[in-house]
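See structure below.
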Ligand SMILES: Nc1ncnc2c1ncn2[C@@H]1O[C@H](COP(=O)(O)OP(=O)(O)OP(=O)(O)O)[C@@H](O)[C@H]1O
Ligand SMILES: [Mg+2]
């Protein structure tokens, strides 16, 4: 079998809140192969977003081990986490987190510029992705000028923009048909 895209070993995450420790993730073991599509189900508050945020390297406060495409991602500092995230991971947030002052097109262009693509190439690819998601007529709209589902589709296009090995999507279809 090929190397897993994600391997989690004994992943833990807890939060200190008002003198109490809330243990949200208590030793998660998981391995996902390339091409595998997995849905994580659980009641509200069970820790789905917390798990995705840890695996997406959005924060470092977890215990146990996270490997992304064979590389150990545990114990990285914030800069190194950002690099891995930018190159390997597409993240669709539960609440879209689009940049409010930029158009739909620009929101999908920016992550590509950060990896050194030319603006022309990045714009062509962004327009293609947004077109595939039915947003060709909305490229110049800012997030506040888009419906909830349109914003969500822009967030999906942005997550795919750099052809990541891993896409993490936190309730990405909550506002879609
Ligand atoms: N920064 C934080 N500080 C304290 N507690 C937190 C923090 N973040 C999350 N929690 C708690 O961890 C638990 C899991 O939260 P999480 O957002 O992962 O749930 P979820 O499964 O994604 O829920 P939902 O389906 O409602 O999105 C919740 O009870 C929440 O209150
Ligand atoms: Mg959640």
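The values are calculated or read from the model by the stated rules, or taken from the named source; none is laboratory data. Here the structure is a predicted model, which means the values were calculated and not measured. Cβ coordinates were reconstructed from backbone atoms using ideal geometry, including for glycine residues, and neighbour counts include every protein chain displayed.
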Inset, instruction - Scan region 40-60 and give yes if some residue there is under 18 Å from residue 170 (Cα atoms) and away from ligand 2 (no atom under 16 Å from the Cβ), otherwise no. - result: yes
Legend entry - Odd one out for residue 115, checked against (1) modelled with pLDDT of 95 or more; (2) assigned by TED's automatic domain parsing to the domain that holds residue 154: (1)
Legend entry - Filter pass, residue 105 being crowded, with 18+ Cβ neighbours inside 10 Å, under 30 Å from residue 126 (Cα atoms) and modelled with pLDDT of 95 or more: yes
Inset, instruction - Give the number of residues within region 115-131 that are touching a residue at least 12 places away in the same chain (Cβ under 8 Å) and either assigned to a loop (DSSP other than H, G, I, E, B) or exposed (fewer than 14 other Cβ atoms within 10 Å of the Cβ) (or both). - result: 1
Legend entry - Residue selected from region 145-161 under the condition surrounded by fewer than 19 Cβ atoms within 10 Å (Cβ to Cβ) and modelled with pLDDT under 95, by the criterion farthest from ligand 1 (Cβ to nearest atom): 147
Legend entry - Exclusive hit being surrounded by 13 or more Cβ atoms within 10 Å (Cβ to Cβ), under 21 Å from residue 10 (Cα atoms) and either within 16 Å of ligand 1 (Cβ to nearest atom) or at pLDDT 90 or above (or both), set 53, 94: 53
Legend entry - Selection within region 11-67 - in contact with a strand residue (DSSP E or B) (Cβ under 8 Å, 6 or more places away or on another chain), free of Cβ contacts under 8 Å to residues at least 60 places away in the same chain and assigned to a loop (DSSP other than H, G, I, E, B): 38, 47, 57, 58, 61, 62
Legend entry - Odd one out for residue 125, checked against (1) modelled with pLDDT of 95 or more; (2) on the phi > 0 side of the Ramachandran plot: (2)
Inset, instruction - Would you mind stating whether residue 84 is assigned to a helix (DSSP H, G or I) and within 27 Å of residue 27 (Cβ to Cβ)? - result: yes
Inset, instruction - Look at residue 40 and say whether it is within 21 Å of the chain's Cα centre (by Cα), within 16 Å of ligand 1 (Cβ to nearest atom) and in the same structural domain as residue 63 (by TED's automatic domain parsing). - result: yes
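Can you tell me which residue among 149, 174 is over 23 Å from residue 5 (Cβ atoms), under 19 Å from the mean Cα position of the chain (by Cα) and within 16 Å of ligand 2 (Cβ to nearest atom)?
The match here is 174.
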